[in-house]
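The values are calculated or read from the model by the stated rules, or taken from the named source; none is laboratory data. Given the structure is predicted, the values throughout are model-derived calculations rather than measurements. Note: ideal-geometry Cβ built from the backbone for every residue, glycine included; neighbour counts use all protein chains shown.
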Amino acid sequence: MSRKTTVVALALLLALASAGCGGDRDALTIYSGRTQNLIGPLLEKFNKDTGIAIDVKYGDSAELALLLDEEGERTPADIFLSQSPGATGFLAGKGRLGQLDAAVLDKVDARFRNAAGRWVGISGRQRVLVYNSEEVSQAELPNSVLELTDDRFAGKVAIAPSNGSFQDFVTAMRQLEGEEATEAWLKEMVANKPRTYANNNAIVEAVSRGEVEMGLVNHYYNYRFQQESPGTPSRNHSFAGDDVGALVIPSTASVLVGTDKTDEATRFLSFLLTEESQRYFSDQTFEYPLVAGVPAASGLPPLASLRSPDYDVDALGGGLERTVELIRTSGFNGV
Amino acid sequence: MASTASERRRGPARPRPRRRPAPAPLAAVSALVACLFATPLAYLAVRGLTEGGTLAAWTSAATLGPLARTLLLGVSVAAASAVLGTALAWLVARTDLPGRRAARLLLPLPLVMPSFIAAFALLAAFAPGGLLEGLLEPLGVDRLPAFEGFWGALYVLTLFTYPYVYLPVVARLGQLPASLEESARLLGRGPAAVFRTVVAPQAAGAVWAGTLLVFLYTISDFGAVQLLRYETLTSSIYTSRVFDRTGALAQSLLLGVLAVAVVAAERSATRGARPGRLAAGARSLRVPLGRWRGPAVALVAGVVGLALVAPVGVLAFWAGRGLVAGSTRAGALVSDAGGLALPAVHTATMAVLAALVAVAAVLPVAYLTVRHASRLAGAANAVIVGGFALPGLVVALALAFWTLQAPWPLAALYQTQALLVFAYVVHFGSQALRAAQVAVAAVPSRLDDAARTLGAGRLRRLRTVELPLATPGLLAGAGLVLLSTMKELPATLLLAPPGFETLATRIWNATEDAFLADASLAALSLLALSGILTWFLVVRHGNAPT
């Protein structure tokens, strides 16, 4: 390739690259901790239905929250979608989230929205115990997550201590079972030699290989693994409905303070809570719809049948510093 | 650097390069470049001051334990990669190794595997209950040892970082004149002795250049250590990044300070090392391997097998399974791989731009650091090279912080491709600088002096004498930046314009949701694209006949 053709090729590539992206200043800008697979089709539909253009930046919920904090008032973002209430609570604590419309908030059960109106849950994921059905029989599995400290589970339980959902679960436990009981449980778990993993995926993968018998994860990962690899022996086990281990954690939507697109943002949040959008979550992403009257995916215990622990969901964000410290001082490695 | 010491004792006496004071324009440009590269460190310092508590965090047990593990892993991986990368480069560049043309293309490629997917694939392959265990079961192996912790991280990181050593060394060896080795062989020395006494001293600068990069990469890596459960500073930063900002900022700053100190110490230790000898266009020698041919082929095949074939095999298995099963999900790659075309174009464009800009930006600094003695040179070198140890997340947050504070024309760059390319250059410019320093040092100043005597101006000498001779080394540097940029994830996610997808972000998207088949297809595309670009930009120009 001569120098000239190289330059021409580069210029062409650059033109192609810049043509391929938005940067539309009038568009509704969304920072999404939910991946494209989980939300992309809904965004396209919203755009088609309303004609409102959307610019979306996908990323890790916690890292997007850090970016939003760093951007401050100059942020181009109008909306923040988060996989976990923890990252949302961090931004709410920094005063970065605006008050939501009451009509939007009221669509969702009070358990799954912010009491101060800073965020609303759009879908739910349940904490479960994933287990290898070739190594363990269902009868041996406990009804309560608190029983995992028993000797018979020594060395058999996988945990992802640095994972946001595990941390949300520990925060809920602090509220439901008390600070001391939680600390005692964490220390007994460490003494029971759990195997620590990087994240939910790594746990489900290790359980399906048989490297470890069971692990604490969110419910929908195993559905994906079973779709990709139908023969996998990994199965979900739900703890009893009133157990803290069976916590349902909402993924959240919020609006940034200082957006000049409040109306569009409110329309978007309402759109996420329509029956049709909620059905998308139950049918396509195996999550719990949070709006009353929309049934959960087949094979899932219905949300209403779960006496989902009645915790103060706001503290999931606010109380996380203490949770992380507690997990760390209990002796989990990798935290 | 032991080889330098022994080289001094043994080598024929040659005058040390004269270090002239730096011309003002060169110093000014270098200072500007260094300031731009210092933006992440400056951000950490500013934030550390405003948040406070830095010193307390540095001396807490939560920092010291991970710090010790970080250093242990960094030094171990650097040593292992130095040995492996140098051996492979010598086999490819200087011996009659069968299949070296293929090896030349394949050996740099492990560098492009994003560690978060490569480690995941290797776990699925080698961990207990994995694919390999399934293959070995008929042979009576029923439980493989655990694949994790220090040894797992050492193994995975060495396999994915040795190209940092291999690439500059292979470029250097391709330029060595054959005469010295021929003389050594005529004196009856075997391949090993020729390597030790002739090749190693000449390649030492390149080996050292790559080894430092491996060390810096290792202490900044997050994906592999997290999956393999070895707690280092980066995994600690990751855990506390949101809920313990003070701790995360302090630990990031510690990582940066550590890196800058190591780079500065390395520079003062190797100052005065002689530049290599070079004879452009000289036919390079092929050492016949003789009875070592078998083991040599086994080594190269083993490395390619473990670092490339094994993870690619796992990815191909997942992709194939997904393609057979199909998917009804909207936008699934297994049913419509066309979704990869635009991300592939984005990836290639950004990587080529970042590579070119990085080489252009660091070239003045390379001249300053190699040819001129000055404090500025030392500081610029430490800041640019040391910055490589900072995690991509820190680079991204720093650039967001500074860009949005800046006045209008600069602030308008926020979340544009231009800022993204800048982020890549700041993040990976160290790789181009190290390679450029080796390349510039290899140009004998005698040639420059001769051209000057003949009345050639500074720029003309640069264009007609120095750049042509330095080109293979500069291309090796560009290649390193290119491969690193293609797989970069955290800064890409945060700084790319909304909707701007690369292959790395597609892999991440699919991995997050456990769509293994989609992740595998995107990862295989990334690998293929890297192979094509490496061949076009680096191997083809590598000026060593094969």
(request) Identify, by number, the condition in (1) more than 10 Å from chain B (Cβ to nearest Cβ); (2) touching a Ser or Thr at 6+ places or on another chain (Cβ under 9 Å); (3) modelled with pLDDT of 90 or more that A:I54 doesn't meet. (result) (1)
(message) Restricting to the range B:82-103, name every residue that is closer than 11 Å to B:P191 by Cβ and in a helix (DSSP H, G or I).
(response) B:W90, B:L91, B:R94
(request) Please determine, by comparing only the residues of the range A:194-232 that are acidic (D, E) and at the interface with chain B (Cβ under 8 Å from one of its Cβ atoms), which one is surrounded by the most Cβ atoms within 10 Å (Cβ to Cβ). (result) A:E205
(request) Scan the range B:472-484 and give yes if some residue there is within 9 Å of chain A (Cβ to nearest Cβ) and either in contact (Cβ under 8 Å) with a residue 40 or more places away in the chain or of a type outside the set (V, I, T) (or both), otherwise no. (result) no
(request) Residues that are touching a residue at least 24 places away in the same chain (Cβ under 8 Å) and touching a Gly at 6+ places or on another chain (Cβ under 6 Å): find the helices (runs of 4 or more DSSP H) completely inside the range B:155-210 holding 3 or more of those. (result) B:163-173
(message) Can you tell me which condition B:V357 does not meet? The list is (1) free of Cβ contacts under 8 Å to residues at least 12 places away in the same chain; (2) part of a helix (DSSP H, G or I), and all the others hold.
(response) (1)
(request) Go through the range B:485-516 and give me each residue that's assigned to a loop (DSSP other than H, G, I, E, B) and in contact (Cβ under 8 Å) with a residue 12 or more places away in the chain. (result) B:E488, B:L489, B:A496, B:P497, B:P498, B:F500, B:E501, B:T502, B:F515
(request) Tell me, please, whether a residue that is at pLDDT below 90, more than 10 Å from every other protein chain (Cβ to nearest Cβ) and at negative phi can be found in the range B:353-366. (result) no
(request) Would you be able to say whether some residue in the range B:194-204 is within 20 Å of B:A80 (Cβ to Cβ) and under 20 Å from the mean Cα position of the chain (by Cα)? (result) yes
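Residue under question is A:T171, and the condition is that it be buried (at least 24 other Cβ atoms within 10 Å of the Cβ), within 22 Å of B:F243 (Cα to Cα) and within 14 Å of chain B (Cβ to nearest Cβ); does it hold?
In short, yes.
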(request) Just give me the residues in the range B:335-349 being β-branched (V, I, T) and crowded, with 22+ Cβ neighbours inside 10 Å, in sequence order. (result) B:T347, B:T349
(message) Given the criterion of a type in the set (A, V, I, L, M, F, W, C) and surrounded by 20 or more Cβ atoms within 10 Å (Cβ to Cβ), identify the matching residue among B:L447, B:L404, B:L420.
(response) B:L420
(message) If I filter the range B:511-532 down to residues being within 8 Å of another protein chain (Cβ to nearest Cβ) and closer than 12 Å to B:F116 by Cβ, which single residue comes out as nearest to the chain's Cα centre (by Cα)?
(response) B:T511
(message) Looking only at the range A:74-93, filter to residues that are at the interface with another protein chain (Cβ under 9 Å from one of its Cβ atoms) and in a helix (DSSP H, G or I); which one of those is nearest to A:R127 (Cα to Cα)?
(response) A:G86
(request) Name the one entry in B:Q226, B:Q202 that is buried (at least 19 other Cβ atoms within 10 Å of the Cβ) and within 14 Å of chain A (Cβ to nearest Cβ). (result) B:Q226
(request) Working only within the range A:122-156, note down all residues that are among the aromatic types (F, W, Y) and touching a Ser or Thr at 6+ places or on another chain (Cβ under 8 Å). (result) A:Y131
(message) Against the conditions (1) assigned to a helix (DSSP H, G or I); (2) away from every other protein chain (no Cβ under 12 Å), where does A:Q99 fall short? Just the number, please.
(response) (1)
(request) Can you tell me which residue within the range A:44-66, out of those that are more than 18 Å from the chain's Cα centre (by Cα) and assigned to a helix (DSSP H, G or I), is surrounded by the fewest Cβ atoms within 10 Å (Cβ to Cβ)? (result) A:K48
(message) For the range A:41-51: of the residues being in contact with a Ser or Thr (Cβ under 9 Å, 6 or more places away or on another chain) and not aliphatic (A, V, I, L, M), which is farthest from the other protein chains (Cβ to nearest Cβ)?
(response) A:F46
(message) Suppose we filter A:K107, A:K57, A:K94 for residues that are in the same structural domain as A:F268 (by TED's automatic domain parsing), basic (K, R) and either touching a Lys or Arg at 6+ places or on another chain (Cβ under 7 Å) or over 16 Å from A:A253 (Cβ atoms) (or both); which single one remains?
(response) A:K94
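Can you confirm whether the range A:187-194 contains a residue that is of a type in the set (D, E, K, R), under 22 Å from B:L123 (Cα atoms) and in contact (Cβ under 8 Å) with a residue 40 or more places away in the chain? Working first, answer last.
Start the filter on the range A:187-194 by keeping residues that are of a type in the set (D, E, K, R), which leaves A:187-188, A:193.
Next, only the ones that are under 22 Å from B:L123 (Cα atoms) stay: A:193.
Still in the list and also in contact (Cβ under 8 Å) with a residue 40 or more places away in the chain: none.
Looking through the range A:187-194, none of the residues is of a type in the set (D, E, K, R), under 22 Å from B:L123 (Cα atoms) and in contact (Cβ under 8 Å) with a residue 40 or more places away in the chain.
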(message) Against the conditions (1) crowded, with 17+ Cβ neighbours inside 10 Å; (2) closer than 20 Å to A:R322 by Cβ, where does A:A116 fall short? Just the number, please.
(response) (1)
